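Asks: Handing you this structure, nothing more for now.
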Protein chains: 2
Amino acid sequence: MKLVCKQSDLNSNLSLVSRAVPSRPTHPILGNVLLTADSEKGRVLLTAFDLSLGIQTSFAADVTSGGAIAIPAKLFNDIVSRLPDGEITLEDKMGESDSDEEVNSVIVTLTSKSGRYQMRGMSPDEFPELPKIEAGSAIQLPIKALTEGFRGSLFATSADETKQVLTGVHLIVDRDTLEFAATDGHRLAVVENSNWQEEGEEGEEGEEGGKEENSAINLPFELTLPGRALRELERMLGMRQSSEGEEASSTVALHFEQGQIVFQSGDHRLTSRTLEGQYPAYRQLIPSQFQHQMQIDRRQLLSAVERIAVLADQKNNVVKFSIDSSNQAIDISVEAQDVGSGTESMSAEISGESFDIAFNVKYLIDSLKALSTSHISIEMNSANSPVIITPLGGTKMTYLIMPVQIRS
Amino acid sequence: MKLVCKQSDLNSNLSLVSRAVPSRPTHPILGNVLLTADSEKGRVLLTAFDLSLGIQTSFAADVTSGGAIAIPAKLFNDIVSRLPDGEITLEDKMGESDSDEEVNSVIVTLTSKSGRYQMRGMSPDEFPELPKIEAGSAIQLPIKALTEGFRGSLFATSADETKQVLTGVHLIVDRDTLEFAATDGHRLAVVENSNWQEEGEEGEEGEEGGKEENSAINLPFELTLPGRALRELERMLGMRQSSEGEEASSTVALHFEQGQIVFQSGDHRLTSRTLEGQYPAYRQLIPSQFQHQMQIDRRQLLSAVERIAVLADQKNNVVKFSIDSSNQAIDISVEAQDVGSGTESMSAEISGESFDIAFNVKYLIDSLKALSTSHISIEMNSANSPVIITPLGGTKMTYLIMPVQIRS
């Protein structure tokens, strides 16, 4: 194998795939990046895979002779990222080591303008193959809608690995809507992106046929996707958009079959297991009628709540909202015994009677940060029933928070 | 006590003094900031003190009635830093708590545009007094020379608290030179700033008389100052320069007596213990003659060494320099068994015979980063004797590194 490529290309692609390299590999080979050089296509393929999440990218290079080698990911990345811009030559050869036991090891040599590095690689045969989806379905999804959906839901997934499906985002793809839902059992986030097929059409068709392909699939379908994979997908899509500009291909292909998904976006591919198990029937948790409603400035509320959180931090994270409909104002307060107390007051458009309700301030802050509109609506029934926060305008988002009981 | 001040003033001064609040106070009172309001002067004084390092600042405020209170530093800082720009009112009153045991506690009330916070403070009488230097000597030192001296030496102090004087910077003030030295036993940094009294004169005279005062002191004098205090002093001086511009008072007053120093710069004061014990006689470690010398591009050498460090990290941090005087070039190499190897080559102006020498790469990187000139000189005698790195031009700096034995 021998190839010459640009440092910038190797560096950016290596950073991307390295995200799928486990920090403590269960098998030595998983700490490597698989580098495959294709002399016919003049491309280099990089692959990393932790047996659940896999990332693969490719870029153009001057490949003199093709081949493959697994290279220690961290070492390779650390060296390449410190090299100056310019050409890099990579070449492998069988180990020339003196000792007998190392006859089968592979040495890869990296040559830059001023330096020459040799790294001990592993045979590409040991590297596990990324799952391929041959028979499964595929659909083109607009990057903008996906990014918005993930951003609006990922924060509400559970970090508790024992909670299985709750660590993921539940995606429902229907003819008219893309729906993203996440819940950790304490709060729920639902993003509904309607007319997504039209959005997709605005851009170019995508690499694999776009519209026609979509029409071949049975809609609706549902998948629960691991949070970790989606965070990497967000990063990958963001990277692609920033490097190719807004005008570039605006869709990503989602291939799926039982237990496995593949996102393909340009030269980048991300594969992941799906999460098995019944996703909670969250729709039924969202009340349809409310006795209290208020409309309020989101940023102002967020900064008031963040100040109150300093004290709430000392005391179960509970903040009290005193909703005063006659004055069209709310007081947000906290009482942390032995430490202090605080109250923030602000105006709001309130309908319904005055009442008090308490929240876990962390859930409140997460929701207020995930929203982006200038004003939001908060709908409530009682101090013990689910509260719904929605943006005023923009994409439909529904954030459900359970209130906390107020200590008398 | 009652006062009204600007959020920006309170916030910046609170951030500064908070640096002297220990994260785990040995006494509860040390976790507080002492706030003293002076109605006559219309100023607020903030003090924090961990019994070794003390920081005090003052700023203008509308003080209706004077007084003092100790306020929990972290809580106070966290709330104030999140408040919007605008006026803040602070007021204290004796505890109104229901329970008997809290009768003696003090409550401070902070009122901003939209919020009202109450914090449980402590009596100012419990707060330890900052050391005052009544009879000691004082001298005006130019901020520029101090900042350069600390920047060029602090990195070489020992982080090992048991090593006493080695955790500090040794300062020698003489008529013509300010000398800063630091060593952790493995390397040595010496910065000599000559003609510092002229530098000081370029600016204005400083708050306490400047030149005349300096002439009253017996020169030279020596002090060993704790690294931690100097890092905070660097920050304090940097903050003052950025807020008041380059033109502002260019000196800081250093007051000292046995075991104690006070730096006074405008409204900011920093006090610290000095480090006791004989500072090593470092001058005698610096060779006066060399058999090998090279001049080399600093930035190019630094980036080459940083790449080689990736591999050296895996192997005792040792890098080898092969100095080839006939080709006027050096090879920097590392051999990390089972991992890989690397070589960087670059040109240098070399005098003396070719030879090999090895270094701890971390010490080398620290020195190359602390220097700022485009080219540097490296002087050597043998693979086992001290190596001296100096800048070509600028302030006189001398970095001594002991080579590491080369494995055969």
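Asks: Tell me, please, whether a residue that is farther than 28 Å from B:Met122 by Cα and within 14 Å of chain B (Cβ to nearest Cβ) can be found in segment A:264-279. Steps first, answer last, please.
Replies: Taking segment A:264-279 as the starting set, the residues that turn out to be farther than 28 Å from B:Met122 by Cα are A:264-279.
Narrowing the set further to residues that are within 14 Å of chain B (Cβ to nearest Cβ) leaves none.
Within segment A:264-279, none of the residues are farther than 28 Å from B:Met122 by Cα and within 14 Å of chain B (Cβ to nearest Cβ).
Asks: Report the residue count in segment A:109-148 for those that are within 16 Å of A:His255 (Cβ to Cβ), among the small types (Gly, Ala, Ser) and modelled with pLDDT of 90 or more.
Replies: 0
Asks: So A:Arg187 passes all but one of these: (1) within 14 Å of chain B (Cβ to nearest Cβ); (2) touching a residue at least 24 places away in the same chain (Cβ under 8 Å). Which condition number does it fail?
Replies: (1)
Asks: Within the bounds of segment B:313-335, is there any residue that is away from every other protein chain (no Cβ under 14 Å), over 18 Å from A:Ile79 (Cα atoms), in contact (Cβ under 8 Å) with a residue 40 or more places away in the chain and among the hydroxyl-bearing types (Ser, Thr, Tyr)?
Replies: no
Asks: Take segment A:143-165 and flag every residue that is within 15 Å of the chain's Cα centre (by Cα) and either more than 19 Å from A:Ser367 (Cα to Cα) or part of a helix (DSSP H, G or I) (or both).
Replies: Filtering segment A:143-165 down to residues within 15 Å of the chain's Cα centre (by Cα) leaves A:143-159.
Of everything in segment A:143-165, those that are within 15 Å of the chain's Cα centre (by Cα) and either more than 19 Å from A:Ser367 (Cα to Cα) or part of a helix (DSSP H, G or I) (or both) turn out to be A:Ile143, A:Lys144, A:Ala145, A:Leu146, A:Thr147, A:Glu148, A:Gly149, A:Phe150, A:Arg151, A:Leu154, A:Phe155, A:Ala156.
Asks: Could you figure out which of (1) closer than 19 Å to B:Gln56 by Cα; (2) charged (D, E, K, R); (3) assigned to a helix (DSSP H, G or I); (4) modelled with pLDDT under 90 isn't true of B:Glu234?
Replies: Unmet for B:Glu234, out of (1) closer than 19 Å to B:Gln56 by Cα; (2) charged (D, E, K, R); (3) assigned to a helix (DSSP H, G or I); (4) modelled with pLDDT under 90: (4).
Asks: To continue, here is another question. Could you please let me know if A:Asp338 is surrounded by fewer than 19 Cβ atoms within 10 Å (Cβ to Cβ), within 14 Å of chain B (Cβ to nearest Cβ) and over 28 Å from A:Gly149 (Cα atoms)? Reasoning before the result, please.
Replies: Working: surrounded by fewer than 19 Cβ atoms within 10 Å (Cβ to Cβ): yes; within 14 Å of chain B (Cβ to nearest Cβ): yes; over 28 Å from A:Gly149 (Cα atoms): yes.
So A:Asp338 passes the test.
Asks: Being touching a Pro at 6+ places or on another chain (Cβ under 9 Å) and either modelled with pLDDT under 95 or in a loop (DSSP other than H, G, I, E, B) (or both) is the filter here; which residues of segment B:375-408 pass it?
Replies: B:Asn381, B:Ser382, B:Ala383, B:Asn384, B:Ser385, B:Pro386, B:Met402, B:Pro403
Asks: Do we have any residue at all in segment B:46-56 that's of a type in the set (Ser, Thr, Tyr) and in contact with a Pro (Cβ under 9 Å, 6 or more places away or on another chain)?
Replies: Looking only at segment B:46-56, we keep the residues that are of a type in the set (Ser, Thr, Tyr), and these are B:47, B:52.
Keeping just the survivors that are in contact with a Pro (Cβ under 9 Å, 6 or more places away or on another chain) gives B:52.
Yes: segment B:46-56 contains one or more residues that are of a type in the set (Ser, Thr, Tyr) and in contact with a Pro (Cβ under 9 Å, 6 or more places away or on another chain).
Asks: Consider only pairs whose beta carbons are under 7 Å apart and that are at least six residues apart or on different chains; among these, list those whose first residue lies in segment B:116-129 and is within 14 Å of another protein chain (Cβ to nearest Cβ) and whose second residue is assigned to a loop (DSSP other than H, G, I, E, B) and of a type in the set (D, E, K, R).
Replies: B:Arg120/A:Asp338
Asks: Identify the single condition in (1) touching a strand residue (DSSP E or B) at 6+ places or on another chain (Cβ under 6 Å); (2) away from chain A (no Cβ under 14 Å) that B:Arg231 does not satisfy, given that it satisfies every other one.
Replies: Unmet for B:Arg231, out of (1) touching a strand residue (DSSP E or B) at 6+ places or on another chain (Cβ under 6 Å); (2) away from chain A (no Cβ under 14 Å): (1).
Asks: Another question, then. Quick one: which residue in A:Thr167, A:Thr109, A:Thr157 is within 14 Å of another protein chain (Cβ to nearest Cβ) and either closer than 30 Å to A:Leu34 by Cβ or surrounded by 17 or more Cβ atoms within 10 Å (Cβ to Cβ) (or both)? Reasoning before the result, please.
Replies: Numbers: A:Thr167 fails: within 14 Å of another protein chain (Cβ to nearest Cβ); A:Thr157 fails: within 14 Å of another protein chain (Cβ to nearest Cβ).
Sole residue among the options that is within 14 Å of another protein chain (Cβ to nearest Cβ) and either closer than 30 Å to A:Leu34 by Cβ or surrounded by 17 or more Cβ atoms within 10 Å (Cβ to Cβ) (or both): A:Thr109.
Asks: Kindly provide the set of residues from segment B:60-77 that are under 22 Å from B:Met236 (Cβ atoms) and surrounded by 18 or more Cβ atoms within 10 Å (Cβ to Cβ), ordered by number. Walk me through how you get there before you give the answer.
Replies: Step one: filter segment B:60-77 for residues under 22 Å from B:Met236 (Cβ atoms), giving B:60-61, B:70-71, B:73-74, B:76-77.
Listed by number, the residues that qualify are B:Ala61, B:Ala70, B:Ile71, B:Ala73, B:Phe76, B:Asn77.
Asks: Residue check, A:Ala138 against (1) within 30 Å of A:Asn195 (Cβ to Cβ); (2) surrounded by 20 or more Cβ atoms within 10 Å (Cβ to Cβ), all met but one. Which one?
Replies: Going through the list (1) within 30 Å of A:Asn195 (Cβ to Cβ); (2) surrounded by 20 or more Cβ atoms within 10 Å (Cβ to Cβ), A:Ala138 breaks only (2).
Asks: Further question: Looking only at segment B:290-312, count how many residues are modelled with pLDDT under 95 and more than 11 Å from chain A (Cβ to nearest Cβ).
Replies: Final tally of qualifying residues: 1.
Asks: List the strands (runs of 3 or more DSSP E) inside segment B:1-97, counting only whole elements, that have at least 2 residues being in contact (Cβ under 8 Å) with a residue 24 or more places away in the chain and under 16 Å from B:Ile107 (Cα atoms). Step through it out loud before you land on a result.
Replies: Details: elements: B:2-6, B:32-38, B:43-49, B:53-60, B:62-65, B:67-72, B:87-94.
Because the criterion is at least 2 residues that are in contact (Cβ under 8 Å) with a residue 24 or more places away in the chain and under 16 Å from B:Ile107 (Cα atoms), the strands (runs of 3 or more DSSP E) in segment B:1-97 that meet it are B:2-6, B:32-38, B:67-72, B:87-94.
Asks: For B:Leu285, state whether it is within 14 Å of another protein chain (Cβ to nearest Cβ), touching a residue at least 12 places away in the same chain (Cβ under 8 Å) and within 26 Å of the chain's Cα centre (by Cα). Break it down stepwise before answering.
Replies: Working: within 14 Å of another protein chain (Cβ to nearest Cβ): no; touching a residue at least 12 places away in the same chain (Cβ under 8 Å): yes; within 26 Å of the chain's Cα centre (by Cα): yes.
Judged against the criteria, B:Leu285 is not a match.
Asks: Restricting to segment A:396-408, what's the tally of residues that are buried (at least 16 other Cβ atoms within 10 Å of the Cβ) and under 23 Å from A:Asp297 (Cβ atoms)? First the steps, then the outcome.
Replies: Just the residues of segment A:396-408 that are buried (at least 16 other Cβ atoms within 10 Å of the Cβ), to begin with: A:397-404.
Checking which are under 23 Å from A:Asp297 (Cβ atoms) leaves us with A:397-401, A:403.
Total satisfying the criteria: 6.
Asks: Tell me which residues, restricted to segment B:86-96, are at pLDDT below 95, loosely packed, with under 15 Cβ neighbours inside 10 Å and within 14 Å of another protein chain (Cβ to nearest Cβ). Please lay out each step first, then the result.
Replies: First pass over segment B:86-96, keeping only residues at pLDDT below 95: B:92-96.
Keeping just the survivors that are loosely packed, with under 15 Cβ neighbours inside 10 Å gives B:93-94, B:96.
Those that are at pLDDT below 95, loosely packed, with under 15 Cβ neighbours inside 10 Å and within 14 Å of another protein chain (Cβ to nearest Cβ): B:Lys93, B:Glu96.
The values are calculated or read from the model by the stated rules, or taken from the named source; none is laboratory data. Everything quoted here is computed from the prediction, not taken from an experiment. So basically every Cβ, Gly included, is an ideal-geometry build from the backbone, and we count neighbours across all protein chains shown.
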